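S.K.: Quick one: structure below, then a few questions.
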Amino acid sequence: MMRNTLIAMDAADRLLNWYDRHHRELPWRVSPPMARNGATPDPYHVWLSEVMLQQTTVQAVKAYFEKFLTLWPTVEDLAAAETEDVMKAWAGLGYYARARNLKKCAEAVARDHGGRFPDREEGLRALPGIGDYTAAALAAIAFNRRSAVLDGNVERVISRLFAIETPLPAAKPEMRALVSDLTPADRPGDFAQAMMDLGATICTPKRPACSLCPFRANCLALATADPETFPRKGVKREKPLRRGAAFVAIDSSNAVYLQKRAETGLLGGMTEVPGTDWTARRDGETSIEAQPFAAPWEPCGAITHIFTHFELRLSVYRANVAHAVTAANGWWEPMASLKAQALPTVMKKAIAQAIPHAFKTG
DNA sequence: AATGCGGGGTA
DNA sequence: TACCCAGCATT
């Protein structure tokens, strides 16, 4: 009977049971025994920690959190602080827009809300630096609201628990709905923190400790696939590297030799300097044999350009040639009117590599 | 939907 | 090295 009772326990209870036994003590937390008695942490503390924890590890945040509370014990103290001092105190934590928004948010809370944070998700979401995640986390943890908290950890847990094949970020609405279904009315803040603790300590990106997981009997990914392959990510296919050479010829009147690309295909109909084909072969950049005409070509470095489907590295060669040397299909364009040509960015980069002042005058 | 934004930890 | 981290704002 006890066994059946345990199996019948729903996922939230199972997770909270695990959390009660394995949660981490953190400076901004109220311990689960206190939380079970209805205690909620100081919203200012929760907000400060959540902003600091955006894309930042718990370990890195601890010292900063303590320092900020010492310098500015209340949100109104922070609102009254000099922005420069806030920036200095934030230094080293990274993502400095967070610090600027932190100050703005404190000012808004002090000025518009009487020094008290809004106690619902929508009100919080309207404040500077508070997005979907932080609004939900603050509402759940500090105000005991049944908000669906979805961060990188929760995305990983949910994607594995339900073996979600939809790649991120498209899967986020689906994941949010599942989290919403799972979130209990009782202890929603602890549930959110438990999900995140689970993702941080058990359901890790690499080599998850599935044998220790409170969801191990329910996890679809564990049952049917390799949990480590979740969450699925958008196919950011690696851009192949292509190489080529570009030849920038300058005549005695300071004109540059240009030609027109084929009308169809990549950069169709645009203007270019002569060059090799762009190939995946490593020797693509050394084909001086592809020079449009004989000249004392000298290498002058390389440029890189990212296209939608590949990355291009062009070795650039430059030569000063006698006036009126020509090749088929091209023309000599005066330096002053280069800017008015239909030169795609990659070609402007190549020309600027050969002639640094090419586009700076005229 | 894609980018830029810091700095540090892990496999 | 590559990926990831209690994401947000902007375009």
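The values are calculated or read from the model by the stated rules, or taken from the named source; none is laboratory data. Predicted, not measured: the structure shown is a model, and the values here were computed from it. Cβ: placed from backbone, ideal geometry, glycine included. Neighbour counts: every protein chain shown. Areas reflect the complete protein model, heavy atoms only, side chains present, ligands, DNA and RNA absent. Shrake-Rupley method; radii C 1.70, N 1.55, O 1.52, S 1.80 Å.
S.K.: In terms of the Cα gyration tensor, with a ≥ b ≥ c the square roots of its eigenvalues, is the stretch A:24-125 rounded because a/c is under 1.5, prolate because a/b exceeds b/c, or oblate?
M.R.: Note, shape of the stretch A:24-125 comes out oblate.
S.K.: What 222 nm value per residue comes from the helices of chain A, counting each DSSP H run with n ≥ 4 as -39,500 (n - 2.57) and dividing by all residues, nearest 500 deg cm²/dmol?
M.R.: Result for chain A: -11500 deg cm²/dmol, rounded to the nearest 500.
S.K.: Next question, about the same structure. What is the spin-label model distance, in nm, from residue A:260 to residue A:37 if the labels are put 7 Å beyond Cα along the C-beta direction?
M.R.: Once both label points are built, they end up 8.4 nm from each other.
S.K.: OK, next. Note the full-extension length gain between residue A:336 and residue A:96 as 0.36 nm times their separation in residues minus their Cα-Cα distance, in nm to one decimal.
M.R.: Full extension of this stretch gives 82.2 nm more.
S.K.: So, one more: Under a 1.4 Å probe, what is the accessible area of chain A per residue, stated in Å²?
M.R.: Here the residues of chain A average 51 Å² of exposed surface.
S.K.: Past 31 Å, Cα to Cα, is the threshold; run A:104/A:172; A:103/A:348; A:88/A:233; A:88/A:348; A:104/A:206 against it and keep the listed order.
M.R.: A:103/A:348; A:88/A:233; A:88/A:348; A:104/A:206
S.K.: Provide the gained length on full extension for the span residue A:62 to residue A:113, in nm with one decimal, where the gain is 0.36 nm per separating residue minus the Cα-Cα distance.
M.R.: Here the answer is 15.6 nm.
S.K.: Could I ask something else about it? Enter the Cα centre distance for the pair the stretch A:332-350 and the stretch A:99-128, rounded to the nearest angstrom.
M.R.: Each part's Cα centre sits 50 Å from the other's.
S.K.: I'd like the Karplus ³J(HN,Hα) series for the stretch A:176-186: coefficients 6.51, -1.76, 1.60, θ = phi - 60°, whole numbers in Hz, and an x wherever there's a Gly or Pro.
M.R.: Result, rounded to whole Hz: 4, 5, 5, 4, 4, 5, 7, 5, x, 6, 8.
S.K.: Using a ≥ b ≥ c from the Cα gyration tensor of chain A (square roots of the eigenvalues), is it rounded, prolate or oblate, where a/c under 1.5 gives rounded and otherwise the larger of a/b and b/c decides, a/b for prolate?
M.R.: Taking the square roots of the gyration eigenvalues as a ≥ b ≥ c, chain A is prolate.
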